[in-house]
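Please read the structure below before turning to the comments.
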Amino acid sequence: MLVHWFGCAAFSTISATSDVREGGDWRVLMRSPEKNFPAYGRYMELSPVQRIVRTHHWERMVAGLNPAHHPTRVTVELHEENGGTRLEFRQTELATIASRDPHIGGWCDSLDALFALLGRK
């Protein structure tokens, strides 16, 4: 499923693996018209239907802002609210403030694609 929604709109996610358990690894390979962007990490905490915490690393420098193998922490929390679900998303421990903005755009594109995919079911 990750290949259908993970990544920014300007890229295609061409492969993905995910061992969804605490201590399990994940990896995606995104492709732009110019090159590939591999990312990987490990699931740190899983509370079904409530919380996912995982690391996120770029395999090599991205956009001159995101250093290779620098670990960031991604936390997703789901909350029941008004008959629906509210999603809280945080990515922390980014290398610099300048590296934040490209991540915001990429995650917004990813979540928009995920919501569109879920809306089709």
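Brief remarks follow.
- Rounded to the nearest 5, the antiparallel percentage of DSSP beta bridges internal to the chain is 95%.
- Extension gain for ASN82-HIS70 works out to 0.5 nm (0.36 nm per residue, less the C-alpha to C-alpha distance).
- Of the peptides 66-73, 5-12, 46-53, the order by per-residue mean of other Cβ atoms within 10 Å, starting with the highest, comes out as 5-12, 66-73, 46-53.
- The mean of 1/r over all distinct Cα pairs in the range 2-103, once inverted, gives the Kirkwood hydrodynamic radius of 14.6 Å.
- Taking the range 2-103 and dividing mean pair separation by its residue count, relative contact order in percent (alpha carbons under 8 Å, at least six apart): 15 percent
- When you filter the GluC sites (Glu not before Pro) in the range 30-63 for DSSP loop state and at most 10 other Cβ atoms inside 10 Å of their Cβ, you are left with GLU34.
A short reminder: the numbers here are calculations on the coordinates, not readings from a lab. What you see is a predicted model, and the numbers here were worked out from it, not measured in a lab. So basically every Cβ, Gly included, is an ideal-geometry build from the backbone, and we count neighbours across all protein chains shown.
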